[in-house]
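Reading through the structure tokens given below for one structure.
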Amino acid sequence: LAQIHDAVIFEYPEDRDDLVAEAATILSAPIKLLNGDLFSIPCEPNMGWNWGKESESNPLGLRKLKKGENRKGPAKGANAALDILGRVFK
């Protein structure tokens with residue numbers, strides 16, 4: 001979806017967390033510099049259903065993705081934005 005400074009943002013099917021691991025491997029692959037040295041940038045996958053950080057008022061926000069984690073999003077047809085706004089603006 002986007003490349004922002006040091007982030008790559010993409011969507012994937014909820015049952016395919018393996019794609020995140022594969023993308024992290026590709027993005028952190030070493031690059032051979034002109035002098036022969038290898039250079040790589042570590043990759044830290046974060047996952048969420050919006051671009052804000054996860055918090056009590058934003059439970060669907062971004063957080064570090066842990067290996068084997070099975071985090072599920074809102075049910076299909078659910079209005080997650082309305083649910084979150086309802087908690088924020090009580």
Starting from the amide H of residue 46, placed 1.01 Å from N in the peptide plane, find each other amide H under 5 Å away whose residue is 5 or more places distant or on another chain. 65
Accessible surface of region 1-51, 1.4 Å probe, proportion on carbon and sulfur as whole %: 59 percent
Simple spin-label estimate for residue 58/residue 23, 7 Å along Cα→Cβ, in nm, reads 1.8 nm
Enumerate the calculated ³J(HN,Hα) couplings along region 31-41 in order (Karplus 6.51 cos²θ - 1.76 cosθ + 1.60, θ = phi - 60°), each rounded to whole Hz, writing x wherever the residue is Gly or Pro. 10, 7, 7, 4, 7, x, 5, 9, 10, 9, 10
Name the residues whose placed amide hydrogens come within less than 5 Å of the amide hydrogen of residue 62, ignoring near sequence neighbours (fewer than 5 apart) on the same chain. 50, 52, 53, 54
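Suppose the chain between residue 32 and residue 71 were pulled fully straight at 0.36 nm per residue; how much longer would it get relative to their current alpha carbon spacing?
The span from residue 32 to residue 71 would gain 10.4 nm if fully extended.
The values are calculated or read from the model by the stated rules, or taken from the named source; none is laboratory data. These numbers come from a predicted model, not from an experiment. Glycine gets a Cβ as well: all are built from the backbone with ideal geometry, and neighbour counts include every protein chain shown. For the accessible areas, the whole protein counts, side chains as well, though only heavy atoms, and no ligand, DNA or RNA atoms are used. Shrake-Rupley method; radii C 1.70, N 1.55, O 1.52, S 1.80 Å.
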